[in-house]
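Asks: Structure incoming, see below.
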């Protein structure tokens, strides 16, 4: 039985992708001499206020459902802008975390962070979650800032402006690849040593301290997913699905079912996760 621990994950920052969901809404009014700025606790409330004619404009990324609703409302309009910002998975690379004080935090290990990078399908996030309203970046430099001064020979960038990252433009060494993700885990010493469908930590106390040899169900990877923002929520759940699949079924994830485990002569499995939602105004 896998454990579900109701506490938040510690994570890190290595994979960056920019959010360019270009939406600004404005009601069809004339010029105004007054300006009131109203703060809302979440984007849904702000959008409802706009629909109810309580505000003239909101500035926040819309969900696809909201975008469709606006396009069908003659009293509202969408103005596109390029956001100078990014979305990322933040990884805590401290040696330990509060809940496991005598065990090495997996994200402290460089190759484990590279493994997370390899398991993150940014192109899927852009096309299926952001609906092609974002651009991929692999370093903490926002996409709009690339223009004019970034060395295209060292940084992944759509320098020809055709809307995709061509092979000649891709210089990132840890792009999405389940095969290479498995290779990283095998090289670190991960495998399903007790054949329960979940991976065990490498049996190396010098590196992993008290986590050495333990089933990941005993010490799951703790992941917080923001439930207040649809795009972040979907991207976080995509990562959980890639690592663990159906949380009620052992050994069914994209990771566990990779044929690369057999190629390397190792029994693979899910990497157990603790999937916790939290609202933006709560501490994780």
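Asks: Mind listing just one residue for me: the one in the stretch 202-211 that is in contact (Cβ under 8 Å) with a residue 24 or more places away in the chain and part of a loop (DSSP other than H, G, I, E, B) and, of those, nearest to residue 252 (Cα to Cα)? Even if it seems obvious, please write down each step before you answer.
Replies: Going through the stretch 202-211, the residues in contact (Cβ under 8 Å) with a residue 24 or more places away in the chain turn out to be 207-211.
In the following step, the residues that additionally are part of a loop (DSSP other than H, G, I, E, B) were identified as 210-211.
On the way: 210: 27, 211: 23 Å.
Only one residue tops the list, namely 211.
Asks: In addition: Any residue at all in the stretch 162-184 that's assigned to a loop (DSSP other than H, G, I, E, B), modelled with pLDDT of 95 or more, surrounded by fewer than 17 Cβ atoms within 10 Å (Cβ to Cβ) and in contact with a helix residue (DSSP H, G or I) (Cβ under 7 Å, 6 or more places away or on another chain)?
Replies: The answer is yes; a qualifying residue exists.
Asks: Output the number of the condition that residue 207 fails; it satisfies all remaining conditions of (1) outside the structural domain of residue 110 (by TED's automatic domain parsing); (2) at pLDDT 95 or above.
Replies: For residue 207, the exception is condition (1).
Asks: Please count how many residues of the stretch 212-232 are in contact (Cβ under 8 Å) with a residue 60 or more places away in the chain and part of a strand (DSSP E or B).
Replies: 4
Asks: Another question about this same structure. Quick one: residue 107 ticks every box in (1) under 23 Å from residue 233 (Cβ atoms); (2) out of contact with any helix residue (DSSP H, G or I) (no Cβ under 8 Å at 6 or more places or on another chain) except a single one, so which number is it?
Replies: Looking at each condition in turn, residue 107 falls short on (2).
Asks: Scan the strands (runs of 3 or more DSSP E) fully inside the stretch 56-116 and keep the ones with 1 or more residues being farther than 30 Å from residue 181 by Cα, within 23 Å of the chain's Cα centre (by Cα) and not assigned by TED's automatic domain parsing to the domain that holds residue 137. Lay out the reasoning, then the answer.
Replies: Details: elements: 57-59, 76-78, 87-89.
Correct list: 57-59.
Asks: Among what's in the stretch 27-47 and is closer than 16 Å to residue 72 by Cβ and not in a loop (DSSP other than H, G, I, E, B), pick the residue that is modelled with the highest pLDDT.
Replies: Here is the first cut: in the stretch 27-47, the residues closer than 16 Å to residue 72 by Cβ are 27-28, 47.
After this cut, where a residue has to be not in a loop (DSSP other than H, G, I, E, B) as well, the list is 27, 47.
Numbers: 27: 45, 47: 90.
Checking each candidate, the answer is 47.
The values are calculated or read from the model by the stated rules, or taken from the named source; none is laboratory data. Computed from a predicted structure; not experimentally measured. Every residue, glycine as well, gets a Cβ built from its backbone with ideal geometry; the counts of neighbours run over all protein chains shown.
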